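See structure below.
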Amino acid sequence: MDARPQTTDPAKARERLETWTDVSGGEGLVCKPLNSPYLPGYRGWTKIRRRDTTEAIIGAITATLNRPQLLILGRHDQHGRLRAVGRTVPLRPDVSRQVGERLAAAGPGHPFEGVRFTSTWGSRDVLDVVLVRPDLVAEVSADRAVDLGVFRHPLRFQRIRLDVTAGDVPRLGQGQGQGQGQGQGQGPAAAAS
């Protein structure tokens with residue numbers, strides 16, 4: 001029995017992308033020729049991931065305050081502590097300038113102090129980050145690959161949300177990025193030093 005439904009109807013595929021990806025673990029669709037078997041290492045198939053927008057708090061950046069390159073984003077857990085949930089893809093130069101105009105350096109006691117952030121999921125390469133005051137909210141586009149509230153793939157920055165406060169951002173495990181919480185750690189994109 002093949003548990004993977006197939007279709008050649010674009011409308012049916014679109015409907016499945018919107019409804020089936022609401023189920024935990026459903027990330028998207030695979031598009032391939034009908035007679036194409038899986039071949040390890042071969043890149044002939046295309047995965048289409050569902051993306052939704054959500055908000056997160058900017059807690060750290062790479063590069064400089066005036067010209068950030070990546071945003072390290074967080075959400076508050078059930079105890080009110082800011083936890084890392086993901087990072088963005090590199091910002092375009094014009095967006096970097098706009099975001100940089102609103103960033104401020106973090107004061108003492110930042111929740112990310114002593115935390116090391118890795119460059120990608122499962123990587124050991126550590127990012128050189130600048131901690132920022134965690135009061136600026138970013139709207140991001142995220143796919144459905146979420147593990148315990150942490151986004152597995154880089155997020156796409158959409159805009160700064162000046163109409164939303166850090167307290168308005170969904171908590172860890174609520175809204176996009178649902179999960180059971182992260183326990184004591186900062187998630188797979190971060191490790192305590």
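Only residues that are part of a loop (DSSP other than H, G, I, E, B) and of a type in the set (Lys, Arg): list them for segment 102-127, please.
Kept after step one, since they are part of a loop (DSSP other than H, G, I, E, B), are these residues of segment 102-127: 102-104, 106-114, 119-125, 127.
Listed by number, the residues that qualify are 102, 124.
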Within the set of pairs 6+ apart or on separate chains, which have a first residue in segment 57-81 that is closer than 16 Å to residue 136 by Cα, a second that is at pLDDT 95 or above and of a type in the set (Phe, Trp, Tyr), and C-beta atoms under 8 Å apart?
59/112; 60/112; 71/157; 72/112; 74/112
Every pair of residues 6+ apart whose Cβ atoms lie under 8 Å, when the first sits in segment 110-123 and is touching a residue at least 24 places away in the same chain (Cβ under 8 Å) and of a type in the set (Lys, Arg) while the second is surrounded by fewer than 17 Cβ atoms within 10 Å (Cβ to Cβ) and not in a strand (DSSP E or B)
116/193
Quick one: residue 63 ticks every box in (1) within 26 Å of residue 167 (Cβ to Cβ); (2) modelled with pLDDT of 95 or more; (3) within 21 Å of the chain's Cα centre (by Cα) bar one, so which box is it?
(1)
Checked against (1) out of contact with any Lys or Arg (no Cβ under 6 Å at 6 or more places or on another chain); (2) at pLDDT 95 or above, residue 176 satisfies every condition except (2)
List the residue pairs whose Cβ atoms are under 9 Å apart, where the first residue sits in segment 160-171 and is within 22 Å of residue 91 (Cβ to Cβ) and at pLDDT 95 or above, the second is open to solvent by 100 Å² or more (accessible area, probe 1.4 Å) and not in a helix (DSSP H, G or I), and the two are 6 or more positions apart or on different chains.
160/102; 162/102
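A quick yes/no check of all residues on (1) of a type outside the set (Ser, Thr, Tyr); (2) out of contact with any helix residue (DSSP H, G or I) (no Cβ under 7 Å at 6 or more places or on another chain); (3) open to solvent by less than 40 Å² (accessible area, probe 1.4 Å):
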| residue | (1), (2), (3) |
| --- | --- |
| 45 | yes, yes, no |
| 56 | yes, yes, yes |
| 60 | yes, yes, yes |
| 72 | yes, yes, yes |
| 78 | yes, yes, no |
| 88 | no, yes, yes |
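Condition check: over 23 Å from residue 150 (Cα atoms) and touching a Gly at 6+ places or on another chain (Cβ under 7 Å). Does residue 97 satisfy that? Talk me through it step by step, then tell me what you get.
Values: over 23 Å from residue 150 (Cα atoms): yes; touching a Gly at 6+ places or on another chain (Cβ under 7 Å): no.
Against the criterion (over 23 Å from residue 150 (Cα atoms) and touching a Gly at 6+ places or on another chain (Cβ under 7 Å)), residue 97 does not qualify.
The values are calculated or read from the model by the stated rules, or taken from the named source; none is laboratory data. The model shown is predicted, which means the values in this text are computed figures rather than measured ones. Reconstructed Cβ throughout: ideal geometry from the backbone, glycine too, with neighbour counts over all protein chains shown. Side chains are part of the model used for accessible areas, which takes the heavy atoms of the whole protein and leaves out ligands, DNA and RNA. Shrake-Rupley method; radii C 1.70, N 1.55, O 1.52, S 1.80 Å.
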